[in-house]
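Report on one structure; see the data block that follows.
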Amino acid sequence: MLSEALPAGEAARTRHGRVAREYALVLEAVGVPCEIVQVGGEHVIATSAADVGRAQRELAEYDDENRGWRRTEELPLALENGWIASLVWIFGLLALHALTLARGAASAFAKGRGDSVRIWEGEPWRAWTALGLHADAGHLLGNAFLGALLVALVAELLGVGVGLFAVFGAGALANLLNAAAQGEPMRFVGASTAVFAALGILGGHRWQRRKSVRRGANGAWIPLLASAFLLGFLSSGGNELSHEFSREFSGAQPQRIDVVGHALGFVVGLGVGALFARTMGVRRAASKVQAWSGFALALGWCAAWALALNAGS
């Protein structure tokens, strides 16, 4: 490794920690001192200024010799910042539920719930506000705690701000599609669509990443199959965590589980996860992007509810 006083030059740069360690071992093996320096979400293999040229040639030869081989991919050993996203998720859903009850349950619920007719007649914000409404405490707690687990895993992949924005954004988009896809007028509430979007993001991201690791082609489908199994299990109706209610806010029992909404959330999530994996690999967005994404999410919630509460009932 380099001493602190040794001037450093960049021999290579990669988004993958395992690849960086491979490169470092290659250089050490040929007698070129180096170190790995974290720069944002990337790993820089640094050498002394005098060794940069040789290090680059050695690494180029190593890549040429191993071209066509796919590297294995490592998974995070533990949650680092995912718990922050979980707390935001749980607190956000509980706070929204409390605020709508405090303002007047019937009025706030009616103005914020998903309504397929009203969404496409000029109130698209309902696709967003419906994610924060729940029919009862059991519905709320089920989505809060199941979602907290999945959101934490998404945050480990994408970062806290981007991860939360991706989950809620995918859930809102799925609600818009759900309103268009249903053949009859329907009303719906609940964060379940976003929960299944989070599941889809995990499956889509892992599927896309496995296409670039050293495994058979069939292995890439394992994350999709596993995610689809969970989708079917949680949407089967036998699990209280899965309930997405289509109902009037009248105290009546829910009419049905919104299986179409769950499926659309999952499908949209698959696309979002695969897109992130394809464009960014295992690298997360910079801290400024994370912060702005979180700010945009909070601003979006406030704007959607301001529009909902000031619109006609």
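Does the range 138-149 contain at least one residue that is within 22 Å of residue 291 (Cβ to Cβ), modelled with pLDDT of 85 or more, among the hydrophobic types (A, V, I, L, M, F, W, C) and not in a loop (DSSP other than H, G, I, E, B)?
Looking for residues that are within 22 Å of residue 291 (Cβ to Cβ), modelled with pLDDT of 85 or more, among the hydrophobic types (A, V, I, L, M, F, W, C) and not in a loop (DSSP other than H, G, I, E, B), one finds at least one in the range 138-149, hence yes.
Can you work out which of the residues in the range 43-58 that are of a type in the set (Val, Ile, Thr) and not in a helix (DSSP H, G or I) is surrounded by the most Cβ atoms within 10 Å (Cβ to Cβ)?
45
Which of the numbered conditions does residue 172 fail, given that it passes all the others? Conditions: (1) modelled with pLDDT of 90 or more; (2) buried (at least 24 other Cβ atoms within 10 Å of the Cβ); (3) more than 19 Å from residue 299 (Cβ to Cβ).
Among (1) modelled with pLDDT of 90 or more; (2) buried (at least 24 other Cβ atoms within 10 Å of the Cβ); (3) more than 19 Å from residue 299 (Cβ to Cβ), residue 172 violates only (3).
Taking residue 161 as the residue in question, decide whether it is part of a helix (DSSP H, G or I), modelled with pLDDT of 90 or more and either buried (at least 17 other Cβ atoms within 10 Å of the Cβ) or β-branched (Val, Ile, Thr) (or both).
Yes; evaluated as a whole, the condition is true for this residue.
Each row is one residue, and each column tells you yes or no for (1) at pLDDT below 60; (2) within 21 Å of the chain's Cα centre (by Cα); (3) not β-branched (Val, Ile, Thr).
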residue: 221; (1), (2), (3): no, yes, yes
residue: 229; (1), (2), (3): no, yes, yes
residue: 234; (1), (2), (3): no, yes, yes
residue: 258; (1), (2), (3): no, no, yes
residue: 267; (1), (2), (3): no, yes, no
residue: 277; (1), (2), (3): no, yes, yes
residue: 287; (1), (2), (3): no, yes, yes
residue: 293; (1), (2), (3): no, yes, yes
residue: 310; (1), (2), (3): no, no, yes
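Of the residues that make up the range 176-190, is at least one surrounded by fewer than 22 Cβ atoms within 10 Å (Cβ to Cβ) and at pLDDT 90 or above?
yes
When the range 164-187 is examined, which residues are found to be out of contact with any Lys or Arg (no Cβ under 9 Å at 6 or more places or on another chain), not polar (S, T, N, Q) and not in a helix (DSSP H, G or I)?
Of everything in the range 164-187, those that are out of contact with any Lys or Arg (no Cβ under 9 Å at 6 or more places or on another chain), not polar (S, T, N, Q) and not in a helix (DSSP H, G or I) turn out to be 183, 184, 185, 186.
Which residue, of 8, 78, 12, 20, is crowded, with 16+ Cβ neighbours inside 10 Å, more than 30 Å from residue 133 (Cβ to Cβ) and at pLDDT below 75?
When all the criteria are applied, what remains is 8.
The values are calculated or read from the model by the stated rules, or taken from the named source; none is laboratory data. Just so it is clear, the structure is predicted and the values come from calculations on it, not from any experiment. FYI the Cβ positions are ideal-geometry reconstructions off the backbone, even for glycines, and counts take in every protein chain you see.
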